[in-house]
Amino acid sequence: AAGSSADRVLLRVDSLFPGPSSCTSTQERKPITATSSAARVPIVHRHGPCSPLAGAHAGKPPSHAEILAADQNRVESLHHRVSSTTTGLGGKPRTKKKTPGHSSVPASSSSSSSSVPASSGLSLGTANYVVPIGLGTPPSRFTVVFDTGSDTTWVQCRPCVVSCYKQKDRLFDPAKSSTYANVSCADPACADLDASGCNAGHCLYGIQYGDGSYTVGFFAKDTLAVAQDAIKGFKFGCGEKNRGLFGQTAGLLGLGRGPTSITVQAYEKYGGSFSYCLPASSAATGYLEFGPLSPSSSGSNAKTTPMLTDKGPTFYYVGLTGIRVGGKQLGAIPESVFSNSGTLVDSGTVITRLPDTAYAALSSAFAAAMAASGYKKAAAYSILDTCYDFTGLSQVSLPTVSLVFQGGACLDLDASGIVYAISQSQVCLGFASNGDDES
Amino acid sequence: VGIVGNTQQRTYGVLYDVSKKVVGFAPGAC
C-alpha cells in the first residue's frame, strides 16, 4: 500500500468470467483470527454463484447494460444527495425533513410513494454485495445488502401492512421476537432519521431511493446478530411498505457515518471500526468485520489516509491527490482537480468516477500503454469508453493503476480492479468521467 | 464528487475507523 513501482500486472482473462456454478468458497489468503471484540461475516456478490440468493428461482441476473445504467443512476442520486447535504464542500448539513402525511404511511393502501420524501437514500441497483445478519430473539437469519453509502438498516416485516417485494428469506416477524419493541416518537433516536413520522406514538421511518425504490414502516429496536456477536437494542426500520429494486434481499445494512448506522450504534462495542474485503471475482467470498483492526484483517499492513468528516454526514470522504499509471504519476492532473470536487469511498458504486480532467489523463495514459503492447481496441460500452478485444488471449499484461491519497496511502489496484469485463472481446478500463470537473 | 467504486476496491482490505478518523487500504486481504 505504500505504492508499487511495478509498471505492469498480469491478468488471466478467464478469471474475468466465472461460470454460473463455480463458487470457490472462501478465498481468504490470511487465516481468520477471531479477536475478542471483532465479528466477521462473509461478503458475496448478490448475483454470483456463492450468493445464497442465487439459484433457479432467483430470476435472471441483470445484464451489464442494466448494471452500468443502475450504476449511473446511483452516482446521479449520490451527487444529488451530496449537493443537498452540503452548501458546497465543507458546508453545513441540510435540515432534516419530517415525512409529510406520515401518520397514514404504514396503514395506507395506496401504492403511491408521494408520502415519503424524495432522495433520502441512494439508488441501490448496484449495491450488489450481500452479508448475513440475524435479528430478534431467537435470531432469524437474513441476507441483506451491505452499503457504506447509507445509514439506516431495515428489513421487510410482517404483517406487510401495505406491500412487500419477494425475498428469499422468510419475512421478519416482530411478534415472534421476545426482544422487539417499536421506538416511540419521543425517543431522541426518532429525530436522528432523515425522514420520520409518528403514528399512535410509534416512530415511523421512510427512505426513498434515487431509482424510485422505497421502504416505509416502523422504526424499531431488537437484538442484531453479527457473526457470534449480539447488539442489543439495535434500531432499524421494520418495513411495512416496500417496493423496488432490492432483488431477493431481505433489506439493507447501513454502514454510513450517520447516527442511525451500525457504525455509530455499535460504537461502544466496536469503537467505530469496521473493514471489508471485496473478492476479485463474483465467484469468491470476501468478508465484513467489525471491531478494532486485527492482523487477520490486514490491519498490520494497511496504509491510512484521513477520513474527511467536515463535508456532511453519512459518506466517507477521503483526499485523492493523484493517479499513477505504469508506475508514473500523471502530471497532467493538478491536485486542485481532486480537492475542488472531493472524493468519497462507496461500497455500492461499481465504477470509479473521476473529474473529467483526471479521467481524460488516466484513459489517455492507459490507452497509450495498451497500444504500446499491441492490444486491439474495442468499441465503447455504456459509460466505459476505453475498451479492448482480448479474444484468443489467455493472459494479458495491463499497465498498473494506482490511486494516491492524502498522507501517501496508495491503492495499487488489483488486476481485477483495473478493468471491467463485458465479454472477452470487450474488456474496458473500469473508470468513468463525471462529465466535468465541478459535478 | 469523485467516487472510489467497488470494482477498484477488490481484494483490498478497506478499513474505516470513525474514532481515529482514518480510512485505510491493505493489499491482498482476500
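Selection over segment A:243-277 of residues that are within 14 Å of the chain's Cα centre (by Cα) and basic (Lys, Arg) gives a count of 1. In segment A:6-34, of all residues being away from chain B (no Cβ under 14 Å) and either in contact with a Phe, Trp or Tyr (Cβ under 6 Å, 6 or more places away or on another chain) or at pLDDT below 50 (or both), the one that is nearest to A:Gln329 (Cα to Cα) corresponds to A:Val13. For segment A:156-195, the set of residues classified as touching a helix residue (DSSP H, G or I) at 6+ places or on another chain (Cβ under 7 Å) and surrounded by 22 or more Cβ atoms within 10 Å (Cβ to Cβ) consists of A:Cys157, A:Val183, listed by residue number.
For segment A:158-189, the tally of residues that are more than 24 Å from A:Gly244 (Cβ to Cβ) and in contact with a Ser or Thr (Cβ under 9 Å, 6 or more places away or on another chain) stands at 7.
Of all residues in segment A:207-223, those being of a type in the set (Gly, Ala, Ser) and at pLDDT below 95 number 3. Every listed requirement among (1) more than 7 Å from chain B (Cβ to nearest Cβ); (2) out of contact with any helix residue (DSSP H, G or I) (no Cβ under 6 Å at 6 or more places or on another chain) is met by A:Gly319 save one, (2).
Within segment A:314-333, the set of residues being within 20 Å of A:Val9 (Cα to Cα) and either assigned to a strand (DSSP E or B) or of a type in the set (Lys, Arg) (or both) comprises A:Gly322, A:Ile323, A:Arg324, A:Val325, A:Lys328, A:Gln329. Being under 19 Å from B:Asp17 (Cβ atoms), at pLDDT 95 or above, crowded, with 19+ Cβ neighbours inside 10 Å and of a type in the set (Ser, Thr, Tyr) is a description that applies to A:Thr305. When you scan segment A:311-325, do you find a residue that is in contact (Cβ under 8 Å) with a residue 40 or more places away in the chain, touching an Asp or Glu at 6+ places or on another chain (Cβ under 7 Å) and aliphatic (A, V, I, L, M), even just one? No, because not a single residue in segment A:311-325 is in contact (Cβ under 8 Å) with a residue 40 or more places away in the chain, touching an Asp or Glu at 6+ places or on another chain (Cβ under 7 Å) and aliphatic (A, V, I, L, M). Exactly one residue out of A:Val130, A:Val216 is buried (at least 19 other Cβ atoms within 10 Å of the Cβ), within 14 Å of chain B (Cβ to nearest Cβ) and of a type outside the set (Lys, Arg), and it is A:Val130. When A:Ser339 is tested against the conditions (1) more than 26 Å from A:Ser150 (Cα to Cα); (2) polar (S, T, N, Q); (3) without any contact (Cβ under 8 Å) to a residue 60 or more places away in the chain, the lone failure is (1).
The values are calculated or read from the model by the stated rules, or taken from the named source; none is laboratory data. The structure presented is a predicted model; accordingly, all values stated were derived computationally and were not measured. Note: ideal-geometry Cβ built from the backbone for every residue, glycine included; neighbour counts use all protein chains shown.
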